[in-house]
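Below you'll find the structure, written out as structure tokens, and then a few comments.
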Amino acid sequence: MTCLAMHASAWAVDVRVEVKAPNGEPIANAVVTISGPAVASSLRSDGLVMQQKDLAFSPFVLVVPRGASVSFPNFDQTRHHVYSFSPAGPFELKLYGAGETRSVRFTKTGTIAVGCNIHDQMTAFIRVTDAPWAAVTDKMGVVELRNVDAGDRLIEVWHPQQKGSPDATLTSTLAVPASGRVSKVVQLTVRNQLDFHPAY
Ligand SMILES: [Cu+2]
């Protein structure tokens, strides 16, 4: 066994983060990242998909490692024209129809607000990160991040309804122990409306 494998198994624990509103309600679609000197990102870099179905993007929020490609398959009978003006990764996928797909590679970290030129109500967000651990909260407001290396870590939480710039995050610290498991509750204030739009 190599030293690296020993390190990963012996000094890493699972971290549970719960994101809540001040009134205690769970906040879904928050991107939780933990930064630190990991050997490699634990995020998958292939098979990343943001589909178009029933005139909506799915998932609404996706987190991907920098350098990854995301495919945008169209499962609707109507054509979509998917684009972003976001400085972190502007792109345009001109009208394409049912059963077709396109893909985009994201090489800068930041927030990509995704829209459709035909259907204004279609909106989604891609967060591109260098953090070794990241996930999107489920409807219970929870992420489980596996095998986080022990040490003092920085947790960042991002949400599309967060006040501030498209890249505004709420940061906090977490001491990750060498064994056991750890959980943390993060309180986040979000607005009723999206703070920014793909066309901005
Ligand atoms: Cu569309």
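The values are calculated or read from the model by the stated rules, or taken from the named source; none is laboratory data. Note that this is a predicted model, so its numbers are computed, not measured. Positions of Cβ are backbone-derived with ideal geometry, glycine not excepted, and every protein chain shown enters the neighbour counts.
Can you name every residue in the range 52-73 that is in contact with a Phe, Trp or Tyr (Cβ under 6 Å, 6 or more places away or on another chain) and either outside the structural domain of A88 (by TED's automatic domain parsing) or within 16 Å of the ligand (Cβ to nearest atom) (or both)? Result: K53, single match. So for the range 139-148 (the condition being within 16 Å of the ligand (Cβ to nearest atom), modelled with pLDDT of 95 or more and assigned to a loop (DSSP other than H, G, I, E, B)), does at least one residue qualify? No, the range 139-148 contains no residue that is within 16 Å of the ligand (Cβ to nearest atom), modelled with pLDDT of 95 or more and assigned to a loop (DSSP other than H, G, I, E, B).
When the range 1-45 is filtered for residues that are at pLDDT 90 or above and basic (K, R), the ones remaining, listed by number, are R16, K20. Among residues of the range 50-71 that are closer than 20 Å to I118 by Cβ and basic (K, R), those with a Cβ under 7 angstrom from a residue that is in a loop (DSSP other than H, G, I, E, B) and within 16 Å of the ligand (Cβ to nearest atom), sequence gap 6+ or separate chain, pair up as K53/F75; K53/D76. Inside the range 29-51, residues that are assigned to a loop (DSSP other than H, G, I, E, B) and either away from the ligand (no atom under 16 Å from the Cβ) or among the hydroxyl-bearing types (S, T, Y) (or both) make up a count of 14. Evaluation of V157 against the conditions (1) under 27 Å from D14 (Cβ atoms); (2) at pLDDT below 95; (3) touching a Leu at 6+ places or on another chain (Cβ under 7 Å) shows that the sole unmet condition is (2).
Yes or no, residue by residue, for (1) more than 16 Å from the ligand (Cβ to nearest atom); (2) under 16 Å from the mean Cα position of the chain (by Cα); (3) more than 19 Å from S35 (Cα to Cα):
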| residue | (1), (2), (3) |
| --- | --- |
| K94 | no, no, yes |
| E100 | no, no, yes |
| R105 | yes, yes, yes |
| I112 | yes, yes, yes |
| M122 | no, no, yes |
| A134 | yes, yes, no |
| A150 | yes, no, no |
| V157 | yes, yes, no |
| G164 | yes, no, yes |
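Among the residues of the range 92-105, not a single one is within 23 Å of V157 (Cα to Cα) and of a type in the set (S, T, Y).
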